[in-house]
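Only one structure is covered here, and it is reproduced in the block below.
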């Protein structure tokens, strides 16, 4: 049986000249409740609207943020994974370079790779997973 890899989209991160201003535009015109922040957690719900565990993140970063480095792209995706460390080992065995050291924080475990076109991908194992 093959190893479970990606379990869903964790979020989308976009560089912006004015992250809070852009968030305010999204709130005013698209109804996304950033409430003064430059990011928002969008909780999951089932087909009836009942909340379920987990969330997606939409976040704006300053245009000069180094968080996307070494990618030169303006967007980075965050993908949810089942077992970050096992997946990183598997990817390394497949010849994929791991960027930096993975981290284990209160928001979960994080690791980073690049795709063949220079897009940085953040891999995220949510807490308690």
**OP:** Output the residue which, of all residues in the range 55-80 that are touching a residue at least 60 places away in the same chain (Cβ under 8 Å) and closer than 18 Å to residue 8 by Cβ, is nearest to the chain's Cα centre (by Cα).
**Re:** 78
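Has the range 114-128 got at least one residue that is surrounded by 14 or more Cβ atoms within 10 Å (Cβ to Cβ), more than 25 Å from residue 3 (Cα to Cα) and touching a strand residue (DSSP E or B) at 6+ places or on another chain (Cβ under 9 Å)? Show your work before the answer.
Taking the range 114-128 and keeping what is surrounded by 14 or more Cβ atoms within 10 Å (Cβ to Cβ), we get 114, 119-126.
Keeping just the survivors that are more than 25 Å from residue 3 (Cα to Cα) gives none.
Checking the range 114-128: not a single residue is surrounded by 14 or more Cβ atoms within 10 Å (Cβ to Cβ), more than 25 Å from residue 3 (Cα to Cα) and touching a strand residue (DSSP E or B) at 6+ places or on another chain (Cβ under 9 Å).
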Subject >> Answer residue from the range 101-112, given it is modelled with pLDDT under 95 and in a strand (DSSP E or B) and is surrounded by the fewest Cβ atoms within 10 Å (Cβ to Cβ) among those >> reply: 105
Subject >> Residue tally, condition within 16 Å of the chain's Cα centre (by Cα) and either part of a loop (DSSP other than H, G, I, E, B) or within 27 Å of residue 18 (Cα to Cα) (or both), over the range 81-98 >> reply: 2
**OP:** Filter the range 23-37 down to the residues that are surrounded by 14 or more Cβ atoms within 10 Å (Cβ to Cβ) and in contact with a helix residue (DSSP H, G or I) (Cβ under 7 Å, 6 or more places away or on another chain), then identify the one that is farthest from residue 60 (Cα to Cα).
**Re:** 32
Subject >> Any pair with Cβ under 9 angstrom, 6 or more apart, that starts in the range 94-119 at a residue that is at positive phi and ends at one that is assigned to a strand (DSSP E or B) and at pLDDT 95 or above >> reply: 100/111; 100/112
Original post:
Taking the range 1-22 as the search range and keeping residues that are touching a helix residue (DSSP H, G or I) at 6+ places or on another chain (Cβ under 8 Å) and assigned to a loop (DSSP other than H, G, I, E, B), which one is nearest to residue 82 (Cα to Cα)?
Top reply: 5
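I'm checking my understanding of the structure. Among residues of the range 38-53 that are under 16 Å from the mean Cα position of the chain (by Cα) and surrounded by fewer than 16 Cβ atoms within 10 Å (Cβ to Cβ), which one is modelled with the highest pLDDT?
The initial filter retains those residues of the range 38-53 that are under 16 Å from the mean Cα position of the chain (by Cα), namely 38-44.
Still in the running and surrounded by fewer than 16 Cβ atoms within 10 Å (Cβ to Cβ): 39, 41-44.
On the way: 39: 93, 41: 90, 42: 87, 43: 83, 44: 78.
The extreme case among them is 39.
The values are calculated or read from the model by the stated rules, or taken from the named source; none is laboratory data. Keep in mind that what you see is a predicted model, and the values were worked out from it rather than measured. With ideal geometry, Cβ positions are generated from the backbone for all residues, glycine too; neighbour counts draw on all protein chains shown.
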